[in-house]
Amino acid sequence: MNRSELADFLRVRREALQPEDLGLPRGPRRRAHGLRREEVAEMSGMSTDYYARLERGSGPLPSEQMVAALARGLRLSLAERDHLFTLAGHAAPRRALRSDHVGPGLMRILDRMQDTPAQIMGSLGETLVQTKPAVALLGEQTHYTGLARSNVYRWFTDPSSRLIYPVADHPSHGRIYTAQLRQVAARQGPRSPAAALANRLLGESEEFAAIWNDHQVGLTYAEEKRFVHPEIGELTLHCQFLLDPDQEHCLLVFTATPGTDSYDRLQLLTVVGDQQLTAP
């Protein structure tokens, strides 16, 4: 670990970012160049004291998970992320389409959507980043580990993952999840994580195996999806997406038609956020 170089790199990258880059208000009394330390810490999911110690060159060796969180919080490019890993004493992650590192361009778009349910997904349905309204609508999805990170795996192994959708829509979701996983596995190859996930589900879920054996591909969601929230009721939302082909990441954005009950309920969810309303 190169403490001094790491400290300098963090400081320079922090000062190069502006509040507007992350969708934050500048405020009339801001004197700091770039972001404040506490803002970077919050964006990276760590304490301000921990980040400040790293920037002073007195912090402990950060784990690979912490370095990845810092790279995301500082909106680093892939090259900058690899450099940060090296300074922190870790080997840079192997470049792959399934990388968890979200590109700064996609992150900047998400930063400007903090009042909207939106999240960035990986190719296996891993939720990488969520806005607060997305957490309120869908529940916190970034804390899962192992195979459970994939919403496909959770769908067929964890019944609670289905509670946010009407029961009548469950068969359709299962078919679409399976068809999409088949396409990713075919594209990434028989030794890919997608193929391993499919093999695991074939051994754990009879429902998945039955759908998988139908060999369906090309299934996609309709423009509208229905959700069930335990406190505000049913919502019919439009789901738009923006694809980053270099990383196979997808930005999902949920909106409602103005003048509908769903629009009013989504506005309520957006205002309250995840502080009072808790999704299952």
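The values are calculated or read from the model by the stated rules, or taken from the named source; none is laboratory data. It should be emphasised that the depicted structure is a prediction, and the values quoted were computed from it without experimental measurement. Ideal geometry is used to build each Cβ from the backbone, glycine not excepted, and the neighbour counts take in all protein chains shown.
Could you tell me whether any residue of the range 253-272 is in the same structural domain as GLU126 (by TED's automatic domain parsing), within 15 Å of THR127 (Cα to Cα) and among the acidic types (Asp, Glu)?
Checked the range 253-272: no residue is in the same structural domain as GLU126 (by TED's automatic domain parsing), within 15 Å of THR127 (Cα to Cα) and among the acidic types (Asp, Glu).
Pairs under 7 Å by beta carbon, first residue touching a residue at least 40 places away in the same chain (Cβ under 8 Å) in the range 40-67, partner assigned to a helix (DSSP H, G or I) and surrounded by fewer than 13 Cβ atoms within 10 Å (Cβ to Cβ), six or more apart or different chains?
Between residues of the range 40-67 that are touching a residue at least 40 places away in the same chain (Cβ under 8 Å) and residues that are assigned to a helix (DSSP H, G or I) and surrounded by fewer than 13 Cβ atoms within 10 Å (Cβ to Cβ), the close pairs are GLY57/SER4.
Within the group GLY125, GLY139, GLY146, which residue is on the phi > 0 side of the Ramachandran plot, surrounded by fewer than 21 Cβ atoms within 10 Å (Cβ to Cβ) and in contact with a helix residue (DSSP H, G or I) (Cβ under 6 Å, 6 or more places away or on another chain)?
Numbers: GLY139 fails: in contact with a helix residue (DSSP H, G or I) (Cβ under 6 Å, 6 or more places away or on another chain); GLY146 fails: in contact with a helix residue (DSSP H, G or I) (Cβ under 6 Å, 6 or more places away or on another chain).
Exactly one of GLY125, GLY139, GLY146 is on the phi > 0 side of the Ramachandran plot, surrounded by fewer than 21 Cβ atoms within 10 Å (Cβ to Cβ) and in contact with a helix residue (DSSP H, G or I) (Cβ under 6 Å, 6 or more places away or on another chain), namely GLY125.
Considering each residue of the range 47-59, count those that are more than 11 Å from LEU6 (Cα to Cα) and crowded, with 18+ Cβ neighbours inside 10 Å, and give that number.
So the count comes out to 1.
Every residue in the range 222-266 that is surrounded by fewer than 14 Cβ atoms within 10 Å (Cβ to Cβ) and part of a loop (DSSP other than H, G, I, E, B), please.
ALA222, GLU223, PRO230, GLU231, PRO245, ASP246, THR257, PRO258, GLY259, THR260
Go through (1) modelled with pLDDT of 85 or more; (2) out of contact with any strand residue (DSSP E or B) (no Cβ under 6 Å at 6 or more places or on another chain) for ARG95 and report which single condition fails.
The single condition ARG95 does not satisfy is (1).
Report whether or not PHE208 is surrounded by 15 or more Cβ atoms within 10 Å (Cβ to Cβ) and part of a helix (DSSP H, G or I).
yes
Rundown of residues vs (1) within 20 Å of the chain's Cα centre (by Cα); (2) more than 18 Å from GLY103 (Cβ to Cβ), yes/no style:
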{"site": "GLU39", "(1), (2)": "yes, yes"}
{"site": "SER44", "(1), (2)": "yes, no"}
{"site": "TYR50", "(1), (2)": "no, yes"}
{"site": "GLU55", "(1), (2)": "no, yes"}
{"site": "GLN65", "(1), (2)": "yes, yes"}
{"site": "ALA79", "(1), (2)": "no, no"}
{"site": "PHE85", "(1), (2)": "no, no"}
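Determine which single condition SER123 fails, assuming it passes every other condition in (1) within 24 Å of ALA256 (Cβ to Cβ); (2) in a loop (DSSP other than H, G, I, E, B); (3) in contact with a strand residue (DSSP E or B) (Cβ under 9 Å, 6 or more places away or on another chain); (4) not hydrophobic (A, V, I, L, M, F, W, C).
It is condition (1) that SER123 fails.
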